[in-house]
1. Can you name the number of the only condition in (1) of a type in the set (D, E, K, R); (2) over 60 Å from the mean Cα position of the chain (by Cα); (3) more than 30 Å from T340 (Cα to Cα) that D146 fails?
2. Of the numbered conditions (1) modelled with pLDDT of 75 or more; (2) within 60 Å of the chain's Cα centre (by Cα), L431 fails exactly one; give the number of that condition.
3. When both residues are 6+ apart or on different chains and their Cβ atoms are under 9 Å apart, which pairs have a first residue that lies in the stretch 251-266 and is open to solvent by less than 100 Å² (accessible area, probe 1.4 Å), and a second that is modelled with pLDDT under 75?
4. Of all residues in the stretch 343-384 being in a loop (DSSP other than H, G, I, E, B) and polar (S, T, N, Q), which is least open to solvent (accessible area, probe 1.4 Å)?
5. Cβ-Cβ below 6 Å, separation at least six or inter-chain, first residue in the stretch 36-54 and under 12 Å from Y199 (Cα atoms) and outside any loop (DSSP other than H, G, I, E, B), second modelled with pLDDT of 80 or more and open to solvent by less than 100 Å² (accessible area, probe 1.4 Å): which pairs?
6. Scan the stretch 117-124 and tell me whether some residue there is of a type in the set (D, E) and modelled with pLDDT of 80 or more.
7. Read through the list (1) open to solvent by less than 100 Å² (accessible area, probe 1.4 Å); (2) modelled with pLDDT of 70 or more, then give the number of the only condition that A314 fails.
8. In the stretch 111-129, which residues are part of a helix (DSSP H, G or I) and either open to solvent by 100 Å² or more (accessible area, probe 1.4 Å) or among the small types (G, A, S) (or both)?
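The values are calculated or read from the model by the stated rules, or taken from the named source; none is laboratory data. Quantities reported herein were computed from a predicted structural model and do not represent experimental measurements. Every residue, glycine among them, receives a Cβ derived from its backbone with ideal geometry; neighbour counts consider all protein chains shown. Each accessible area value is taken on the protein alone, full model and side chains, heavy atoms only, with ligands, DNA and RNA left out. Shrake-Rupley method; radii C 1.70, N 1.55, O 1.52, S 1.80 Å.
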Amino acid sequence: RCHRCPHLPTRSYNKSEKPCMLSEYMERYPSYPITLPRGSFKPKNAQKIAQLCMEGISTTKGDYIAHEVLPRTPKPPEKYVKSDESMDLTSTYKEDYNAYPNSQVPSCLPCVRKHIPSAKLDTRTTYEDDYVLWNEPKTKLIRPDDRFHASEEKFDHRTIVQADYLYKGPVATQSCKPLNLVQKSKAPFENVTNYRVNYIPHPLKKRYVHEYEKYKASDGPFDGLTTHKFSYKGLAGQPAKLAKPYQPKLLHDRPFSSTTEFQEKYQAWPRAPVFTKKPDVYLPPLEKMDLHTTAQIDYKHPKGNSAKMCRPLAQLEKSIEPFSSSSVMKEDYKLQLCKTQKPITHAPELTFPAKPMDFLTTFKTHYVPHSLPVMKSCKPGWSGQKHHTLLDAKTTYGTSYTPKGIVRCLASYKDPPGYVFEGTDADGHNLYVPASKNECLQSGH
């Protein structure tokens, strides 16, 4: 369908040698008007600028003048003068916190007295005595009557905003905008900028276009030699010699010596005898040893008594009688035969059926599995003889779908087949109508 008119237009009043640009693309996508580009703001070359040299002085160089910087003289340190006063070595701790005599603190622990009761132990708990199950009927729930009762009044369909916030109309407000007292000048605006004044137009050089040399094929035949084959040729040389030195085998009947080179060269040096000092003879001291310590001499209690010995004086004699394994715990807390109490169960509210449960679901009872039916083959039977010939590689696609030639466009014909000539339009195109259908076909002619 993408055709183009190949002929020239045949208008009698407008003849031209240019071909007709009518095509299917031009009919579907028409061209739109093109907007012109805006004018350039670049100034013309007629303006002349004074050629003055630019000064190399900036604002920093003109305002900030360099002054001479002198080295800074350091301040001399003060001389140390030694005072004649003596230092007071007393502290606040020594003056306020004075030492007091220590005294022994009596024990605060009470005397432990064991009380062994003779009464029989009651194993019943307080919970069992106080919390007894009551046989009272079930109480009814105290539930408020929260049922919704629709009102019988007519609903007015008005919201709280519509009822409370009434529209009072627009309010006349006073503008707070300040008055513009600036007087506009009537002089025309000068559109001269620094860029337009200082811009110097320079002529543009012609753009360099690199010309590529055309490829010329060589006339000589191709030799098939590469750089490696041409440069690195195989040269006949001698094989590499072995660099290992020759070591002749020593054949002699001498016995193998047990000494090594280390034992022969590095022999032991003579060692000097070790100097030992004789211990001094112990002489016991003639004076008697003082067994008093600093704590016994300095820290003396004015009314102190010697500590009593906690070890019992009477020594227990070993008895020949057998050891009795009875204890106070075993004698007082004897094992009692307690019966396990039965759990308190309420009477069941549901009545269970007497028949046993079959454990069958609705799916198992209704959806019973059936055996799969044997499907019959619809393939017709082969009554002929079976032959063992090989299968050829031809398929239905290979035989039926053959490549077809390119269909020629109907617009290229002088008189397209299957169409009847109807007339000519204003541009000189012939209009044809199909012989069977009433569809119009444009053909460039």
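1. Of the numbered conditions (1) of a type in the set (D, E, K, R); (2) over 60 Å from the mean Cα position of the chain (by Cα); (3) more than 30 Å from T340 (Cα to Cα), the odd one out for D146 is (2).
2. All conditions are met except number (2).
3. Note: no pairs meet the criteria.
4. Among those residues, the one meeting the criterion is T361.
5. Pairs found: none.
6. Within the stretch 117-124, the subset of a type in the set (D, E) is 122.
Restricting the remaining residues to those that are modelled with pLDDT of 80 or more gives none.
No, because not a single residue in the stretch 117-124 is of a type in the set (D, E) and modelled with pLDDT of 80 or more.
7. (2)
8. The initial filter retains those residues of the stretch 111-129 that are part of a helix (DSSP H, G or I), namely 126-129.
Selection gives Y127 alone.
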